[in-house]
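K.L.:
One structure, as C-alpha cells, below. Some questions next.
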Amino acid sequence: MQVILREHNGAIFRHYSDYFYESLLAEAPEAFLVAEKNNQYVGYIMCKTEFGFSNFKKLGFVKKGHVVSVAVLEEFRGNGYGKILVNESFKGVKEKQCDEMYLEVRCSNTEAVKLYQDLGMDIKQRLKSYYRDGEDAYMMAIEFS
Ligand SMILES: CC(C)(COP(=O)(O)OP(=O)(O)OC[C@H]1O[C@@H](n2cnc3c(N)ncnc32)[C@H](O)[C@@H]1OP(=O)(O)O)[C@@H](O)C(=O)NCCC(=O)NCCS
C-alpha cells in the first residue's frame, strides 16, 4: 500500500498525510480499496468506521461506515469504477458489522450524487458551508438491512 500512496502522490492521493492513510488502512482494510486497470491504479476509496447516532432510527447508537474519500483518475471516469468501488466498500463496512454508511458530497457534484443515489443512498441533510470555500454539502446515507 505504501507503493500505491507514493505513486499517486500529487495525483489522486493528494489531500492527507501518510499517517492518515495508514491509520484508515489499519482500521478498515476491507473498505480501503483501489481500482486497477492494466497494472495501473486508476481509483480508490477509503472509509472509516464510527459509533454515532443513526441517520435512520430515532433512537440509539449504531456502528456506521463513513466514506472519507473516493476518486477515479479523470481519464478513467464514466467506466463504472466509481460504482464498483462504492459498492465494494459497502460490503467492506458490512464485514465490520456496520449498520449504515454515510458520506458528504458537494451539492454541485451532480455526477457523484447520482452515483450514490443509484446505489441506494438518500440525501438526509444539507450541511451549510461545509467546505472551506463555503459550498454546502449533502450528507447522504444508506441503511443496510
Ligand atoms: C465521483 C467519481 C468517483 C465517479 O467515478 P466514475 O468511475 O466516473 O463513476 P462511474 O463510471 O461508476 O459512473 C457513475 C455514473 O456517473 C456517470 N458518469 C460519471 N462520470 C462520467 C463522465 N466523465 N462522463 C459521463 N458519465 C459519467 C456514469 O454515466 C454513471 O452513470 P450510469 O451508471 O447511469 O451510466 C469520479 O467522478 C471522481 O473521481 N470525481 C472527482 C472526485 C469526487 O468528486 N469524488 C466524490 C467526492 S464525495
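K.L.:
Under 9 Å by Cβ, and 6 or more places apart or on different chains, what pairs join a residue from the range 54-66 that is without any contact (Cβ under 8 Å) to a residue 12 or more places away in the chain with one that is part of a loop (DSSP other than H, G, I, E, B) and not acidic (Asp, Glu)?
P.N.:
From the range 54-66, the pairs are Gly60/Ser54; Phe61/Ser54.
K.L.:
Then there is this: State all residues of the range 55-79 that are more than 7 Å from the ligand (Cβ to nearest atom), within 20 Å of Asn109 (Cβ to Cβ) and exposed (fewer than 15 other Cβ atoms within 10 Å of the Cβ); if no residue qualifies, say none.
P.N.:
Glu74, Glu75
K.L.:
Additional query: For the range 80-107, what are the residues that are closer than 16 Å to Ala141 by Cβ, near the ligand (Cβ under 9 Å from one of its atoms) and among the charged types (D, E, K, R)?
P.N.:
Result: Glu104, single match.
K.L.:
Name the residue that is modelled with the lowest pLDDT, counting only residues in the range 35-47 that are farther than 20 Å from Lys64 by Cα and buried (at least 17 other Cβ atoms within 10 Å of the Cβ). Give the steps one after another, and end with the answer.
P.N.:
Restricting attention to the range 35-47, the residues satisfying the condition of being farther than 20 Å from Lys64 by Cα are 35-43.
When the remaining residues are screened for being buried (at least 17 other Cβ atoms within 10 Å of the Cβ), the result is 35, 41-43.
On the way: Ala35: 92, Tyr41: 87, Val42: 90, Gly43: 91.
Looking at the filtered set, the residue picked out is Tyr41.
The values are calculated or read from the model by the stated rules, or taken from the named source; none is laboratory data. Values in this document were obtained by computation on a predicted structure and should not be read as measured data. Backbone-built Cβ (ideal geometry, glycine too); neighbour counts: all protein chains shown.
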